[in-house]
Amino acid sequence: MRAVDIIVKKREKGELSKEEINFFVQGFVRGDIPDYQVSAWAMAIVLNGMTAQETTDLTLAMVLSGRILDLTGVVDIAVDKHSSGGVGDKTTLTVLPVVAACGLPVGKMSGRGLGFSGGTLDKLESIPGYRVDLDTDEFKQQLKEKGIVLTGQSLDLAPADGKLYALRDVTGTVQSIPLIASSIMSKKIAGGAQAMVLDVKVGQGAFMETLEMGRQLSALMVRIGELAGREAICLLSDMNQPLGHAVGNALEVAEAIEALHGGGPPDFREHCLEISAHMLRVGKRANDLEQGRRMAQGAISDGTAFAKLRVLVDAQGGDVSYVDHPEKLPRARLIETVDAPRSGWLAEIHARRVGEVAVALGAGRANKLDSVDHAVGVVVARKVGDYVEEGAELFTIHANDENRQAEAEQRLLDAHVFSDVPVPALPLFHG
Ligand code: URA
């Protein structure tokens with residue numbers, strides 16, 4: 001077999017066999033197939049798609065590219081969560097401590113930013129000392145002893161996904177239902193999850209722009225889960241406007257901490273309660289969603305969820321004083337508040353554009369090896385449906401470069417669309 005023939009076959013809309021997919025994935029992981037061929041192959045998949053069978057074969061090839069974590073004896077049931085990627089999505093930082101505080105041990109391997117969407121690892125690294133490179137033994141030990149782990153994808157679990165994910169980020173090949181489904185499911189299966197809550201984002205600031213695409217991705221992931229003997233629950237959540245207010249690494253950590261104290265933006269808090277309730281239900285700590293929600297709310301109110309975040313940060317070498325005093329987190333040199341240019345109801349806060357601005361300010365990467373600036377980002381002050389008076393605060397830019405700041409201002413103003421008539425608030429979930 002030759003890589004180029006497999007690329008051409010996909011370019012010509014052919015269906016790849018299991019052998020061809022295995023050959024490609026194995027060759028990539030071994031380093032025999034170079035990045036440029038894998039990029040071309042990924043682009044052919046973006047353009048021409050994959051069948052359910054090809055997607056399942058790709059998922060399993062990526063799972064088998066490394067080890068499969070066995071959490072037997074570490075937890076009674078291994079529950080995981082994953083988001084398909086959005087703007088301002090700091091849910092994991094709040095939800096993990098909440099469910100762990102409710103008695104459901106959770107170990108999660110998270111990723112870095114991808115395209116315009118932020119990544120939990122980049123956010124966590126805003127906390128000095130926080131280690132995101134635990135090995136498998138450390139992962140298991142911490143999960144057993146502390147009941148909570150949040151680290152990077154261990155190099156020996158689904159390494160094919162780790163390599164492909166980094167390449168897709170910078171080659172315009174993120175937006176593809178089969179590539180996203182196989183990326184998410186390979187990580188979850190290799191990470192030992194028996195049940196998982198998958199937060200499928202839908203809208204302008206998501207990789208799935210329409211509800212129909214979100215449903216297709218969900219159905220595919222549930223099906224892959226079934227084939228692999230895992231329970232997968234998908235929630236379709238709205239991503240037409242940023243989740244909460246903060247977009248940018250340290251800014252999002254601070255907002256997630258606020259939510260653990262019972263504050264923070266109401267939409268973000270509500271989103272976290274819903275995801276937590278589902279996790280507690282599939283993890284058999286709650287009999288139903290209502291009980292799960294009450295438990296989650298209780299863990300926030302009595303401070304045990306925040307205490308669990310401290311345990312997590314401390315266990316992974318982070319400086320806990322940054323959690324206690326989020327004002328210590330990296331702060332940008334230039335902080336500019338921009339006011340509404342007119343009065344009216346907000347009809348749109350284009351989430352993708354906000355995410356792209358945050359990346360352009362330095363919160364994400366343009367090249368694979370770029371480092372991120374943890375301090376920069378955007379804080380939107382409003383939500384769709386709000387009435388805003390001319391001159392009232394609309395958003396704040398956190399920048400470390402004057403030119404980027406000026407560019408951000410215009411792009412963010414364009415991302416806010418006003419209406420002269422009332423506009424309904426956006427739903428949080430679509431199903
Ligand atoms: N999240 C992932 O883990 N992979 C993708 O491809 C997209 C979102």
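The values are calculated or read from the model by the stated rules, or taken from the named source; none is laboratory data. None of these values were measured; they are calculated from a predicted model. Cβ placement follows ideal geometry from the backbone for every residue including glycine, while neighbour counts extend to all protein chains displayed. Each accessible area value is taken on the protein alone, full model and side chains, heavy atoms only, with ligands, DNA and RNA left out. Shrake-Rupley method; radii C 1.70, N 1.55, O 1.52, S 1.80 Å.
The table below lists the values:
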{"item": "Filtered residues of the range 126-153 (kept if closer than 16 Å to Ala193 by Cα, away from the ligand (no atom under 11 Å from the Cβ) and under 17 Å from the mean Cα position of the chain (by Cα))", "result": "Val149, Leu150, Thr151, Gly152"}
{"item": "Selected residue (criterion: farthest from the ligand (Cβ to nearest atom)) from residues of the range 99-121 that are under 20 Å from Gln194 (Cβ atoms) and part of a helix (DSSP H, G or I)", "result": "Ala100"}
{"item": "Residue, farthest from the chain's Cα centre (by Cα), within the range 52-62, restricted to residues that are within 15 Å of the ligand (Cβ to nearest atom) and β-branched (Val, Ile, Thr)", "result": "Thr55"}
{"item": "In the range 69-98, the residues that are of a type outside the set (D, E, K, R), within 22 Å of the chain's Cα centre (by Cα) and assigned to a loop (DSSP other than H, G, I, E, B)", "result": "Leu69, Ala78, Ser84, Gly85, Gly86, Val87, Gly88"}
{"item": "Residue satisfying all of: in the range 226-243; among the acidic types (Asp, Glu) and either outside any strand (DSSP E or B) or open to solvent by 40 Å² or more (accessible area, probe 1.4 Å) (or both); farthest from Lys201 (Cα to Cα) among these", "result": "Glu226"}
{"item": "Every pair of residues 6+ apart whose Cβ atoms lie under 6 Å, when the first sits in the range 162-185 and is without any contact (Cβ under 8 Å) to a residue 24 or more places away in the chain while the second is assigned to a loop (DSSP other than H, G, I, E, B)", "result": "Gly162/Gln153"}
{"item": "Cβ pairs under 6 Å, 6+ apart, first in the range 233-251 and in contact (Cβ under 8 Å) with a residue 60 or more places away in the chain, second surrounded by fewer than 24 Cβ atoms within 10 Å (Cβ to Cβ) and of a type in the set (Gly, Ala, Ser)", "result": "Leu236/Gly431; Asp238/Gly203; Met239/Gly203; Asn240/Gly203; Asn249/Ser126; Ala250/Ser126; Ala250/Ala375"}
{"item": "So Arg310, is it closer than 30 Å to Ile233 by Cβ and open to solvent by 70 Å² or more (accessible area, probe 1.4 Å)", "result": "yes"}
{"item": "Unique residue being under 20 Å from the mean Cα position of the chain (by Cα), under 15 Å from Ala101 (Cβ atoms) and either small (Gly, Ala, Ser) or assigned to a loop (DSSP other than H, G, I, E, B) (or both) when the list is Ala299, Ala259", "result": "Ala259"}
{"item": "Residue count, the range 78-91 (criterion: buried (at least 24 other Cβ atoms within 10 Å of the Cβ) and more than 12 Å from the ligand (Cβ to nearest atom))", "result": "5"}
{"item": "Yes/no for Arg342 being open to solvent by 20 Å² or more (accessible area, probe 1.4 Å), closer than 27 Å to Met208 by Cβ and at pLDDT 95 or above", "result": "no"}
{"item": "Pick from the range 162-215, criterion assigned to a helix (DSSP H, G or I) and among the hydroxyl-bearing types (Ser, Thr, Tyr), ranking: farthest from Pro105 (Cα to Cα)", "result": "Tyr165"}
{"item": "Filter pass, Ser65 being crowded, with 18+ Cβ neighbours inside 10 Å, part of a loop (DSSP other than H, G, I, E, B) and either within 16 Å of the ligand (Cβ to nearest atom) or modelled with pLDDT under 95 (or both)", "result": "yes"}
{"item": "Residue in the range 160-178 that is farther than 27 Å from Pro242 by Cα, within 16 Å of the ligand (Cβ to nearest atom) and either under 16 Å from the mean Cα position of the chain (by Cα) or open to solvent by 30 Å² or more (accessible area, probe 1.4 Å) (or both) present", "result": "yes"}
{"item": "Residues within the range 194-206 that are within 13 Å of the ligand (Cβ to nearest atom) and over 12 Å from Ser237 (Cα atoms), tallied", "result": "1"}
{"item": "Of the criteria (1) touching a residue at least 40 places away in the same chain (Cβ under 8 Å); (2) buried (at least 21 other Cβ atoms within 10 Å of the Cβ), which one Trp41 fails", "result": "(1)"}
{"item": "Tally, over the range 179-211, of residues that are closer than 20 Å to His350 by Cβ and over 15 Å from the mean Cα position of the chain (by Cα)", "result": "4"}
{"item": "Qualifying residue in the range 336-352 (condition: closer than 24 Å to Gly85 by Cα, assigned to a helix (DSSP H, G or I) and in contact (Cβ under 8 Å) with a residue 60 or more places away in the chain)", "result": "yes"}
